[in-house]
Amino acid sequence: MKLFIFDFDGTLVDSKPVIEAGMVHTLERLGLPLALREEWLKYVGLPVEEGIRRTFPLDATLTYEIVLAAYRTFDHQGHEPLIRAFDGIPELISELHDQGRPMAIATSKRNHGLKPTMARLGWWDWFDPIVTPDEVENTKPHPESLHQILERTCRKADDCVMIGDTPFDMDMATAAGVPGLAVGYGMYSGEALAPHQPRYYASDVPALRDILLSL
């Protein structure tokens, strides 16, 4: 059986309301135009630290440390209940689990943000391994997360599938030689994902189920 490696935000759960709320909070706290949110959204799928570096016009007065400190004042824990599994995802991963299909996670979400949602959804024991930025030196789109999963599971790249909703997921998969399965119901459209040459594409969760059960 192939190992299904899932991204988390935008693939298994819809966290966009919390992501956008955190961005608005940061911009308002810094007195910056809210229009900057649209640029920031282009980097969802990377660790937030990298998104900040790519988004903000950092200089001596607006440093990376200032922006990150403002972002960290957002009440992530209080907003965590807004994160919801996409319709059909709980049933799909339960079906895969019941069939004995191995599943893993490669995410840009750090453990302190991931664990509460995974625990609330009852998924923590269903994925092994779970690789976050806390376990690697190089984050997406670098292939280190996938290399670590391959090593820990003693699998070859073509014996796995990387499932994600961002160009960074697909670029990581390509760099690791792992077939990519792009989903179009998350943060990025099918048109935005196509140039990153996923081997498979699912426009919605039923299409994702059909593909995974055929592999």
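A simple spin-label model places pseudo-atoms 7 Å from Cα toward Cβ; at ASP210 and LYS2 they are separated by 1.5 nm. Taking a straight line from the alpha carbon of LYS156, these lysines sit under 22 Å away, with near neighbours fewer than eight places off in the same chain left out: LYS2, LYS140. You can think of it this way: the chain between GLU95 and ARG53 has 11.2 nm of extra reach, that is 0.36 nm per residue less the Cα-Cα gap.
The lysines within cross-link reach of LYS115, meaning a Cα-to-Cα straight distance under 18 Å and a gap of 8 or more places when in the same chain, are LYS16.
Centre-to-centre, using Cα atoms only, the stretch 110-141 and the stretch 40-82 are separated by 19 Å.
Taking the helices alone, the chain has a mean residue ellipticity at 222 nm of -12500 deg cm²/dmol, built from -39,500 (n - 2.57) per DSSP H run of at least 4 residues and averaged over all its residues. Paramagnetic label reach from ALA194 (point 7 Å along Cα→Cβ; backbone nitrogen cut-off under 15 Å): within the stretch 166-182, residues 182. Relative contact order, whole percent, for the chain stands at 25, derived from Cα pairs under 8 Å and 6 or more residues apart.
In a reduced charge model with +1 at each Lys and Arg Cβ and -1 at each Asp and Glu Cβ, the chain shows a dipole moment near 100 debye about its Cα centre. A protection proxy built from the mean count of other Cβ atoms within 10 Å ranks the segments 150-160, 110-120, most packed first, as 110-120, 150-160.
Coordinate-derived values only; no laboratory data. Note that the coordinates shown come from a computational prediction; the quantities given were computed from them, not determined experimentally. Counting neighbours? That spans all protein chains shown, and the Cβs are built from the backbone with ideal geometry, glycine included.
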